[in-house]
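To start, the structure under review is shown below, and the notes come after it.
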Amino acid sequence: MNDAVSITRDLVRCPSVTPADAGALGVLENLLKAAGFEVHRVTFGEPGTADIHNLYARIGDSAPHISFAGHTDVVPAGDEAAWSHGAFSGEVRDGFLYGRGAVDMKGGIACSLAAVLQYLADHGGKPKGSISFLITGDEEDISVNGTIKLLQWVAARGEKLDHCVLGEPSNVEVLGDCIKVGRRGSQSGTLVVDGVQGHVAYPHRAANPVPDISRLIVALSEEPLDHGSAQFQASNLEFTSVDVGNTASNVIPAQARAKFNIRFNDNHNHETLRALVDERLAKACGNRIRARIDWQPSNSNVFVTKPGAFTDLAVSAIEEVTGRKPELSTSGGTSDARFISSYCPVIEFGLVGQTMHQVDERTPVSDLEKLTKIYRGVLDRYFA
Ligand SMILES: [Zn+2]
């Protein structure tokens with residue numbers, strides 16, 4: 001069956017906990033091939049990581065090219081006995097479809113596929129440009145053998161994406177309340193303060209890094225990094241742990257460390273942000289305190305898709321089906337959209353996120369039907 005509920009159920013029945021595929025991509029491959037798509041199954045790996053299965057499928061060879069992106073991998077079920085209905089059952093009860101991945105994001109993929117199949121059936125089997133699916137099995141874990149490599153692979157074939165819809169559960173309370181048009185960047189680091197170890201009875205012969213790291217934490221936390229931008233809230237530096245590793249009560253420790261993470265907006269990139277924080281640290285240290293920041297590598301840069309024709313057509317399709325005008329939001333954590341945004345404008349719109357990653361993850365069947373109509377509305381407007 002080609003409707004969104006059947007496809008979601010078939011996908012949920014594959015226990016594709018990262019890095020396992022468990023047949024999930026095969027469900028999509030069969031439907032896509034039957035509809036005339038050219039389907040590629042691509043496996044990526046690198047030393048120290050599990051091999052990951054990915055899928056790229058395209059129909060049509062001209063522009064404009066719209067791509068539906070997503071991931072078929074899911075987080076573990078947790079305590080399976082705690083689920084009201086089997087975690088990988090895809091069971092429909094009282095108007096809800098249950099199962100891990102129902103909203104994050106097998107349901108979203110199923111709706112986009114059902115909408116595309118309908119659209120093709122109504123247009124002699126061919127789009128007026130190109131439609132593709134960019135599906136990975138590596139989003140919920142380390143995300144190194146998925147979307148980032150699949151995009152490089154597609155580009156190496158000489159193919160260009162013009163626009164992308166990522167079907168992550170973007171809505172907060174109710175279908176139609178939120179489109180994600182950007183995400184903040186993420187940068188982690190460790191503040192390291194060096195002192196001189198010694199006996200607590202002879203502090204003049206030691207240098208205690210504990211009061212110093214406290215001063216530096218206050219200094220770095222208090223001064224705002226910016227005051228927000230047109231589409232983003234203010235950037236935020238948050239300390240998450242302070243560690244001295246000292247088990248003795250009569251020893252002044254030699255070193256203190258504090259971990260932090262920064263969520264940053266489009267006033268910064270990784271380089272300018274690190275420079276800014278390094279400079280503030282140097283100022284707070286003066287000539288007395290010896291401290292540095294060890295910056296962690298990060299592939300989570302900030303991005304934003306500016307409001308325009310593409311966001312407008314999505315808003316209009318959502319309004320038509322739900323009667324709601326969605327907020328264009330840049331809040332929340334990171335997603336694979338950060339990789340896609342280097343290739344083409346991307347928006348995220350899918351189901352309602354409330355139950356994702358929880359026991360009894362579920363979606364109203366009516367939301368699956370509405371989301372399929374919304375994606376269909378996007379296609380109609382895109383190729384009009
Ligand atoms: Zn997801």
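The values are calculated or read from the model by the stated rules, or taken from the named source; none is laboratory data. Everything numeric in this text was worked out from a predicted model, so none of it was measured. Virtual Cβ from ideal backbone geometry, glycine too; neighbours counted across all protein chains shown. Accessible surface areas use protein heavy atoms only, side chains included; no ligands, DNA or RNA. Shrake-Rupley method; radii C 1.70, N 1.55, O 1.52, S 1.80 Å.
Here each label is just a point 7 Å from Cα along the line to Cβ, and for THR247 and VAL42 those points are 5.1 nm apart.
Between segment 293-354 and segment 248-265, the alpha-carbon centres lie 35 Å apart. Entry note, the chain: the mean residue ellipticity at 222 nm calculated from DSSP H runs of n ≥ 4, each adding -39500 (n - 2.57), is -9000 deg cm²/dmol after division by the residues and rounding to the nearest 500.
Reducing segment 1-47 and segment 62-124 to their Cα centroids gives an inter-centroid distance of 10 Å. Take each peptide in 15-26, 117-128, 363-374, count the other Cβ atoms within 10 Å of every residue, and average; sorted highest first, the result is 363-374, 15-26, 117-128.
Here the chain is treated as a Stokes sphere of Kirkwood radius computed over C-alpha pairs; at 37 °C and 0.692 mPa s its diffusion coefficient rounds to 144 µm²/s.
Entry note: segment 240-376 has Rg to Rh equal to 1.15, where both radii use alpha-carbon atoms and Rh is the Kirkwood radius.
When DSSP beta bridges are restricted to pairs lying wholly in the chain, around 70% turn out antiparallel. Between ILE142 and PHE383, the modelled labels are 4.0 nm apart [label points 7 Å from Cα along Cα→Cβ]. Looking only at segment 126-141, which residues have a backbone nitrogen under 16 Å from a spot 7 Å from the Cα of GLU159 in the C-beta direction? Residues passing the 16 Å test: 127-137. Residue separation of GLU320 and HIS204 scaled by 0.36 nm, minus their Cα-Cα distance, works out to 34.4 nm of gained length.
Across segment 249-254, rounded Karplus estimates of 3J(HN,Hα) from the backbone phi angles (6.51 cos²θ - 1.76 cosθ + 1.60, θ = phi - 60°) give 9, 10, 10, 7, x, 7 Hz, Gly and Pro being marked x. Surface composition of segment 173-276: carbon plus sulfur atoms contribute 49% of the solvent-accessible area (1.4 Å probe, protein chains only, all chains present).
Karplus-derived 3J(HN,Hα) values for segment 87-104, using 6.51 cos²θ - 1.76 cosθ + 1.60 with θ = phi - 60°, are 4, 10, 8, x, 5, 9, 9, 6, x, 10, 9, 9, x, 4, x, 3, 9, 10 Hz; glycine and proline are entered as x.
For segment 220-297, a crude dipole built from +1 on the beta carbon of Lys and Arg and -1 on the beta carbon of Asp and Glu, taken about the Cα centre, is about 360 debye to the nearest 20. Sorted on the mean count of surrounding Cβ atoms within 10 Å across their residues, most packed first, peptides 331-338, 204-211 read 331-338, 204-211. Restricting to Cα pairs below 8 Å that are 6+ residues apart, what does the relative contact order work out to for the chain? Please round to a whole percent. With pairs under 8 Å counted, the relative contact order is 25 percent. What GluC sites (Glu not before Pro) does segment 1-92 have in DSSP loop regions with at most 15 other beta carbons within 10 Å? Listed in order of number, the matching sites amount to none. Determine, at each q value in 0.25 (inverse angstroms), the log₁₀ of I(q)/I(0) that the Debye formula gives when each Cα of segment 1-60 is one equal point scatterer. The calculated log intensity ratios at q = 0.25 Å⁻¹ are -1.08. The charge dipole of the chain, taken about the Cα centre with unit charges on the Cβ atoms of Lys, Arg (+1) and Asp, Glu (-1), comes to about 800 debye, rounded to the nearest 20. Pairs from the list LYS180/LYS325; LYS128/LYS149; LYS160/LYS325 with a Cα-Cα gap above 25 Å: LYS128/LYS149; LYS160/LYS325. Neighbours of ALA206, meaning other residues whose beta-carbon lies under 14 angstrom from its beta-carbon, give a summed charge of 0 when Lys and Arg score +1 and Asp and Glu score -1.
Estimated from the Cβ-Cβ distance and a Förster radius of 22 angstrom, the FRET efficiency linking THR190 and HIS227 is about 0.25.
Across segment 157-239, the fraction of Cα-Cα pairs farther apart than 16 Å, rounded to a whole number, is 74%. Excluding ligands, DNA and RNA, the accessible surface per residue across the chain is 43 Å² with a 1.4 Å probe. Sorting HIS357, HIS163 by solvent-accessible area of protein heavy atoms yields HIS357, HIS163, largest first, with a 1.4 Å probe. Placing pseudo-labels 7 Å out from each Cα toward the beta carbon at ALA121 and SER6 gives an inter-label distance of 0.9 nm. Only Lys, Arg, Asp and Glu carry charge here, each on its Cβ (+1 for the first two, -1 for the last two); on that basis segment 67-170 has a dipole of about 580 debye about its Cα centre.
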